[in-house]
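Accompanying notes for the structure given below.
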Amino acid sequence: MLEVTVETVKIVERDRGCCKGGCRVFGCKMDFLSMLKHSIIADDSNSIIKHYDIGRQIGTAGPESVWKIFEAVRIEDHKEASVFWFEKKVADKLHKPRRREQVAEILRKEVNQLCRIRHPKIISIQHGLEECHDSLAFATEPIFASLSNILGNYERMPANIPQELKDHEFIDMEIKYGIFQITDALSFLHSSEHLIHRNVCPQSILITKKGAWKLAGLGFVEKTKEGKEKSSCQSWTTKVPKMAQPDLNFIAPEVQLEKICTPLSDMFSLGMVICAIHNYGKSLISADHLPGLYVKQLDQMHETFGVVAHRMSLQLVEPVEKMINRDVRYRPTAQLFCMLKYFNDPVVSGLQLLDAADRKDPVMRADAYANLSQVIPIMPRKILYRNVFPVLCQDCRSCDSMVYALPAMLTMIDFAPRDDYVDIILPEFRSIMSSSKPVQATVYILNKLDVILAKTPLEEIKSEVLPLVFNTLDSSSLQAQEAALSAFSVIKEYLDDNIIRKMVLPRAKSLFYRSTNVKLRINALTCIDHMLDSLGKMLILDEVLPFLTDITCQDADVVMAVVGVYKHMLSDKKFGLTHNLIASKVMPSLIPHTVNPGLSMEQFGDLMEVLREMLEQIDRQRRNKMKLETVILPVPPRGSIKMQGGEDGSDNGLGNVQSLLMVNERCGSTTVFTRGKTGWYTSPSTPELQQRPKISSPKTNRKNHSLQSLGMSLVR
């Protein structure tokens with residue numbers, strides 16, 4: 001700053017001709033002081049800008065909406081935030097310095113209380129109060145807007161209202177859980193902190209970007225005295241600046257009329273907020289900053305409530321009517337109101353468990369996510385993607401909480417429409433899959449690949465899912481390797497021959513050889529078994545069959561896994577397991593296991609069944625081949641053979657005659673079977689053969705039976 005000032009003075013002196021004595025010394029001094037003042041003011045900007053990059057204004061909050069809410073990013077870690085900014089010039093019109101300071105003091109108190117009090121339903125402070133000559137500022141978790149803005153109050157907002165704010169509409173579940181969250185915050189203030197809020201109104205309720213409703217506006221809190229329920233307080237008056245007082249339209253009657261407040265005064269204000277939500281953002285009292293008008297409308301309030309009650313849930317009407325009763329004895333406490341049947345909803349319970357779970361307590365987080373997984377299928381889409389999904393993503397990026405959050409994330413994927421998965425979930429889940437993870441998380445994802453593959457586009461499967469499986473195969477964890485091998489049964493349809501040949505088979509075989517773990521070896525064999533249908537015949541014969549026949553492991557479970565692969569190969573000819581390979585390669589490697597003492601009765605039975613099937617296949621294929629190689633001569637039955645000559649009655653077909661000699665070993669005779677042009681005929685070799693009596697014996701009968709199968713007989 002000094003360098004700038006000195007340089008500025010030099011410029012002024014040069015322009016005025018001071019170096020040449022062209023001006024009075026007094027004039028130079030005045031110019032110097034003026035420039036120094038402007039330099040100081042310019043440098044006296046709020047220090048919050050050193051820590052945050054501030055973007056557009058998105059909302060307002062606080063008394064008379066004096067806090068402007070801006071989008072922001074923390075410079076240190078690029079974490080998203082919101083910056084609340086109060087310009088002191090807003091209070092300049094109050095003229096009296098004491099009144100201006102009164103406003104600033106209320107706002108300082110609010111920030112100090114927020115920094116001190118920590119609760120999931122109270123707005124979280126990221127950066128404490130920074131103050132300069134003309135502004136106050138602090139930073140919080142990312143804010144969407146105040147409830148007042150969403151209900152249509154755009155006071156102190158820029159001309160170009162964010163479109164998402166103008167289009168926002170609450171759904172019933174959003175209102176239900178929002179009211180529950182604010183009630184929970186009040187219960188904490190009343191019972192644990194012994195504080196009365198005193199300014200529960202739409203300007204004091206903030207909606208975060210994650211959809212949570214959080215209480216703020218703690219600038220008017222009153223400490224309750226021990227043993228006393230009532231505290232004295234200041235009623236609303238025109239003698240104090242509006243922005244230094246609670247909202248008159250939501251103040252409880254006893255506060256305004258009797259100058260006393262109790263925790264039940266906050267419940268009156270909350271009841272008025274619920275009515276405003278169901279009354280298009282308007283309170284049942286519209287006093288216009290006039291205490292007299294407040295009293296007048298207070299008497300007419302219940303008539304107005306009758307109109308608004310028709311827009312409320314039936315379960316909410318009677319409790320709210322009691323909350324806004326002038327008699328404090330009818331009003332429920334915050335603790336009692338939380339137990340209302342209206343809030344007895346599984347979605348509300350699931351969200352409450354998620355919000356209340358201690359991030360440092362693994363048991364609480366596990367219970368919260370287990371409950372959440374059950375209610376995700378019935379959760380409204382808006383609540384799911386706005387309230388739940390950001391929390392899931394945050395916890396899935398943390399190694400400490402990923403194991404607990406992943407089941408809920410996979411449940412969400414399972415029940416999400418494919419368009420929602422591709423557009424909303426996948427961009428976040430992609431980074432989760434590619435990040436470093438605990439072994440349990442990797443195993444869980446691999447075990448749920450069927451859910452992921454059902455929704456993921458093909459190009460994403462190849463670029464994100466498949467690398468996850470292959471990289472896990474190289475893991476040092478046996479559990480992870482087993483899960484990766486098992487995953488191939490699910491992803492096999494997405495693998496081409498080249499990937500299987502170069503990546504899957506070599507890794508599966510390598511894991512089998514390198515590992516001494518029986519379960520891992522079985523998984524490697526199972527992986528190969530699942531790949532068979534996707535492999536070509538030559539690849540099976542060149543890579544798989546030699547691998548199987550070389551396995552000498554005697555473990556019964558490994559042997560049965562090998563038998564299972566062979567059984568699969570026997571089921572279809574496309575695998576190329578011929579009878580030659582079975583007889584020469586496969587059975588010699590399996591038969592020794594028939595005397596393996598480690599096999600159970602059932603396992604031995606399975607092994608023998610496969611061996612019998614192999615023998616039957618050898619028998620079948622061998623017989624079929626032998627039949628094809630044997631010439632079968634068809635012989636007509638006895639009595640159908642006739643001697644026929646040529647067409648002219650002469651035997652001119654001798655050139656085509658073939659003879660067949662059959663020797664009767666027992667009789668020592670020979671019968672000649674001769675084929676002519678038109679058929680077969682027989683002739684004895686000697687005349688004596690025709691006069692010899694027929695002889696029948698068991699041996700002859702057997703030969704007759706054999707010849708009859710060929711259409712011939714030795715016995716006539």
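The values are calculated or read from the model by the stated rules, or taken from the named source; none is laboratory data. Everything quoted here is computed from the prediction, not taken from an experiment. Cβ atoms come from the backbone with ideal geometry, glycine included; neighbour counts cover every protein chain shown.
Below is a table of values for the structure above.
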read-out	value
Search result, residues across the stretch 73-116 that are in contact (Cβ under 8 Å) with a residue 60 or more places away in the chain and more than 21 Å from Asp247 (Cβ to Cβ)	Arg74, Glu80, Ala81, Ser82
Exclusive hit being of a type in the set (Lys, Arg), modelled with pLDDT of 95 or more and over 40 Å from the mean Cα position of the chain (by Cα), set Lys322, Lys296	Lys322
Residue within the stretch 488-501 that is of a type in the set (Phe, Trp, Tyr), touching a residue at least 40 places away in the same chain (Cβ under 8 Å) and within 24 Å of Val562 (Cα to Cα) present	yes
Condition met for Gly59 (modelled with pLDDT of 95 or more and touching a Cys at 6+ places or on another chain (Cβ under 6 Å))	no
Meets criteria (loosely packed, with under 14 Cβ neighbours inside 10 Å and in a helix (DSSP H, G or I)) for Val320	no
Search result, residues across the stretch 179-218 that are on the phi > 0 side of the Ramachandran plot and of a type in the set (Lys, Arg)	Arg198
Residues satisfying the stated conditions in the stretch 256-306, i.e. hydrophobic (A, V, I, L, M, F, W, C), within 30 Å of His168 (Cβ to Cβ), in a helix (DSSP H, G or I) and touching a residue at least 24 places away in the same chain (Cβ under 8 Å)	Met267, Phe268, Leu270, Met272, Val273, Ile274, Cys275, Ala276, Ile277, Phe305
Conditions (1) of a type outside the set (Ser, Thr, Tyr); (2) within 23 Å of Asn153 (Cβ to Cβ); (3) modelled with pLDDT of 95 or more: number failed by Met243	(3)
Qualifying residue in the stretch 241-255 (condition: farther than 22 Å from Leu284 by Cα and part of a loop (DSSP other than H, G, I, E, B))	yes
Boolean, Glu130 is over 21 Å from Lys79 (Cβ atoms) and either touching a residue at least 40 places away in the same chain (Cβ under 8 Å) or part of a helix (DSSP H, G or I) (or both)	no
Selected residue [within 37 Å of the chain's Cα centre (by Cα) and surrounded by fewer than 20 Cβ atoms within 10 Å (Cβ to Cβ)] from Lys210, Lys242, Lys259, Lys214	Lys210
Where a residue in the stretch 545-560 is without any contact (Cβ under 8 Å) to a residue 12 or more places away in the chain and its partner, wherever it lies, is of a type in the set (A, V, I, L, M), with Cβ under 6 Å and at least six apart	none
Members of the stretch 263-282 found to be among the aromatic types (Phe, Trp, Tyr) and over 13 Å from Asp247 (Cβ atoms), listed by number	Tyr280
Residue count for the stretch 506-528, restricted to those that are surrounded by 20 or more Cβ atoms within 10 Å (Cβ to Cβ) and not polar (S, T, N, Q)	9
So Val328, is it free of Cβ contacts under 8 Å to residues at least 24 places away in the same chain, assigned by TED's automatic domain parsing to the domain that holds His194 and β-branched (Val, Ile, Thr)	no
Tyr177, sole failed condition from (1) of a type in the set (Ser, Thr, Tyr); (2) at pLDDT 95 or above; (3) in a loop (DSSP other than H, G, I, E, B)	(3)
